[in-house]
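Right, one structure below, let's go through it.
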Amino acid sequence: MSELTVVTNNRGAVEITQQVNGIVAKQGSGAKLCHIFTTHTSASLIITGNEDPDLLLDIEDYFQSIVIDASPNYRHNNEGDFDVSGHIRSVLTGESKTIPVVNKKLALGKYQGLFLYEHRAGVNNRKLIVTLL
């Protein structure tokens, strides 16, 4: 098991494929699976295309259209207008991924990347736990 810290700056996706592949290459002798888990309720993990940055912008635009900040229907707003919307986004996208390992590397497709998706504004330090099985 390893920990990885990712610093995020506002909402959006940060590709972490290379960092996780570094852990797998260093510690993954004999590993068949890599499990990645984020220990936060307003960040999540996604696998999506990494060939066009507009894809990530489109995903964020979609989230902003379906999960509204500061909805008057929300009761939980302890940390501001984005608080419960960040939690909802995280529930929709998920806090973990399990990916096969082939040749000491994540077995992602040619145009796939693993991303930490930040659902809050501001700078955040996000802790990930990487477990090789």
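No other residue among 48, 5, 17, 39 is surrounded by fewer than 11 Cβ atoms within 10 Å (Cβ to Cβ) and in contact with a strand residue (DSSP E or B) (Cβ under 8 Å, 6 or more places away or on another chain) apart from 5. Residue-level check: of (1) in a loop (DSSP other than H, G, I, E, B); (2) in contact with an Asp or Glu (Cβ under 6 Å, 6 or more places away or on another chain), residue 85 misses just (1). Looking across the stretch 91-122, the residues that are outside any loop (DSSP other than H, G, I, E, B), of a type in the set (Val, Ile, Thr) and surrounded by fewer than 16 Cβ atoms within 10 Å (Cβ to Cβ) come down to 91, 98. Could you look through the stretch 60-87, keep only residues that are under 13 Å from residue 41 (Cα atoms) and modelled with pLDDT of 85 or more, and pick out the one that is farthest from the chain's Cα centre (by Cα)? If we take residues in the stretch 60-87 being under 13 Å from residue 41 (Cα atoms) and modelled with pLDDT of 85 or more, then 84 is farthest from the chain's Cα centre (by Cα). For residue 28, are the conditions met, namely being in contact with a strand residue (DSSP E or B) (Cβ under 6 Å, 6 or more places away or on another chain) and modelled with pLDDT under 95? Taking the combined requirement at face value, the residue satisfies it.
The values are calculated or read from the model by the stated rules, or taken from the named source; none is laboratory data. All values reported here derive from a predicted model rather than from experimental measurement. Note that each Cβ is placed from the backbone with ideal geometry, even for glycine, and that neighbours are counted across all protein chains shown.
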